[in-house]
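Colleague: Here it is, the structure, as structure tokens.
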Amino acid sequence: GENVEQHPSTLSVQEGDSAVIKCTYSDSASNYFPWYKQELGKRPQLIIDIRSNVGEKKDQRIAVTLNKTAKHFSLHITETQPEDSAVYFCAALNYGGSQGNLIFGKGTKLSVKP
Amino acid sequence: KAGVTQTPRYLIKTRGQQVTLSCSPISGHRSVSWYQQTPGQGLQFLFEYFSETQRNKGNFPGRFSGRQFSNSRSEMNVSTLELGDSALYLCASSLAGEKLFFGSGTQLSVL
């Protein structure tokens, strides 16, 4: 089945710097890749997602890139702010295929220092 | 539009007992997924229900079971609780299993 590896497990940056979180997946049939943000004590929330027919997607300070050949995708946060501090989870899904559930990475704890 | 509602918010049980958790999805969502969250292990998939049928199942022992009702509400049951079952149990609903909307979770502590 699908396996998703996420790196790094912890990331500390200064406010205003950029942050990059990387994930690799094992199942080449996976075609949907969302990213979730979980603030302390709160529920995970979808912040951005990308499908396999797109190489990059951007939403204000957040962008996701996908390399299908290498089977990895990344989350890029620019101009980080203290409120970006949270745990970020990547996930992969073969939507419409035999593996019909999201498989998550183990998360990256991002700390943005003012 | 109301979000995903999970009850209870907190539970304390002792080893050997059983527990039932409840999840009410967003209106119109037919898929309900359950995840176990523990520190350092991320979100481990338990199972997914769609239109009252279990569509996918993760690698958890048979002590973990679930069901979905005709109104899409779902319950998860854990029998013969073990200390290692202590975790945050998250329910998520979606239209068809893709974009998940999570509930606030049930924090289960097994003593």
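The values are calculated or read from the model by the stated rules, or taken from the named source; none is laboratory data. Since the structure is predicted, the reported quantities are computational estimates derived from the model, not experimental observations. Don't worry about glycine lacking a Cβ; one is built from the backbone with ideal geometry, like all the others, and counts go over all protein chains shown. Protein only, heavy atoms only, side chains kept; ligands, DNA and RNA dropped before computing areas. Shrake-Rupley method; radii C 1.70, N 1.55, O 1.52, S 1.80 Å.
Colleague: Can you name every residue in the stretch B:93-110 that is modelled with pLDDT of 95 or more and facing another protein chain (nearest Cβ under 8 Å)?
Modeller: Hits for the stretch B:93-110 are B:101, B:102, B:103, B:104, B:105.
Colleague: State yes or no: is residue A:41 touching an Asp or Glu at 6+ places or on another chain (Cβ under 7 Å), on the phi > 0 side of the Ramachandran plot and loosely packed, with under 13 Cβ neighbours inside 10 Å?
Modeller: Answer is no for this residue.
Colleague: In the stretch B:36-71, how many are part of a loop (DSSP other than H, G, I, E, B) and either within 12 Å of chain A (Cβ to nearest Cβ) or not hydroxyl-bearing (Ser, Thr, Tyr) (or both)? Give the steps one after another, and end with the answer.
Modeller: Of the residues in the stretch B:36-71, the ones part of a loop (DSSP other than H, G, I, E, B) are B:39-41, B:51-52, B:58-63, B:69-71.
Keeping just the survivors that are either within 12 Å of chain A (Cβ to nearest Cβ) or not hydroxyl-bearing (Ser, Thr, Tyr) (or both) gives B:39-41, B:52, B:58-63, B:69, B:71.
Of the residues in the stretch B:36-71, 12 are part of a loop (DSSP other than H, G, I, E, B) and either within 12 Å of chain A (Cβ to nearest Cβ) or not hydroxyl-bearing (Ser, Thr, Tyr) (or both).
Colleague: Can we say residue A:77 is crowded, with 19+ Cβ neighbours inside 10 Å and of a type in the set (A, V, I, L, M)?
Modeller: When the stated conditions are applied, residue A:77 passes them.
Colleague: Right, another one. When you go through B:46, B:83 one by one, which is the residue that is surrounded by 13 or more Cβ atoms within 10 Å (Cβ to Cβ) and either in contact (Cβ under 8 Å) with a residue 60 or more places away in the chain or out of contact with any His (no Cβ under 7 Å at 6 or more places or on another chain) (or both)?
Modeller: B:46
Colleague: So, one more: Condition first: hydrophobic (A, V, I, L, M, F, W, C) and assigned to a strand (DSSP E or B). Now tell me which residues in the stretch A:4-34 satisfy that. Break it down stepwise before answering.
Modeller: Taking the stretch A:4-34 as the starting set, the residues that turn out to be hydrophobic (A, V, I, L, M, F, W, C) are A:4, A:11, A:13, A:19-21, A:23, A:29, A:33.
Within the stretch A:4-34, A:4, A:11, A:13, A:19, A:20, A:21, A:23, A:33 qualify.
Colleague: Right, another one. Show the residue pairs meeting these rules: Cβ distance below 8 Å; 6+ apart or different chains; first residue within the stretch A:24-35 and more than 12 Å from chain B (Cβ to nearest Cβ) and open to solvent by 40 Å² or more (accessible area, probe 1.4 Å); second residue assigned to a strand (DSSP E or B) and of a type outside the set (Asp, Glu).
Modeller: Note: pairs meeting the criteria are A:24/A:4; A:24/A:72; A:26/A:4; A:27/A:92.
Colleague: Still on this structure, please answer the following. Of everything in the stretch A:87-114, what is in contact with a Lys or Arg (Cβ under 7 Å, 6 or more places away or on another chain) and open to solvent by less than 10 Å² (accessible area, probe 1.4 Å)? Give them in sequence order.
Modeller: Residue satisfying the conditions is A:88 alone.
Colleague: Scan the stretch B:95-111 residue by residue and report those that are aliphatic (A, V, I, L, M) and touching a Lys or Arg at 6+ places or on another chain (Cβ under 9 Å).
Modeller: Correct list: B:95, B:96, B:108, B:110, B:111.
Colleague: Being of a type in the set (S, T, N, Q), surrounded by fewer than 16 Cβ atoms within 10 Å (Cβ to Cβ), within 25 Å of residue A:106 (Cβ to Cβ) and touching a residue at least 24 places away in the same chain (Cβ under 8 Å) is the requirement here; does residue B:7 meet it?
Modeller: no
Colleague: When the stretch B:21-43 is examined, which residues are found to be on the phi < 0 side of the Ramachandran plot, surrounded by 16 or more Cβ atoms within 10 Å (Cβ to Cβ) and more than 14 Å from the chain's Cα centre (by Cα)?
Modeller: Within the stretch B:21-43, B:26, B:29, B:30 meet the criteria.
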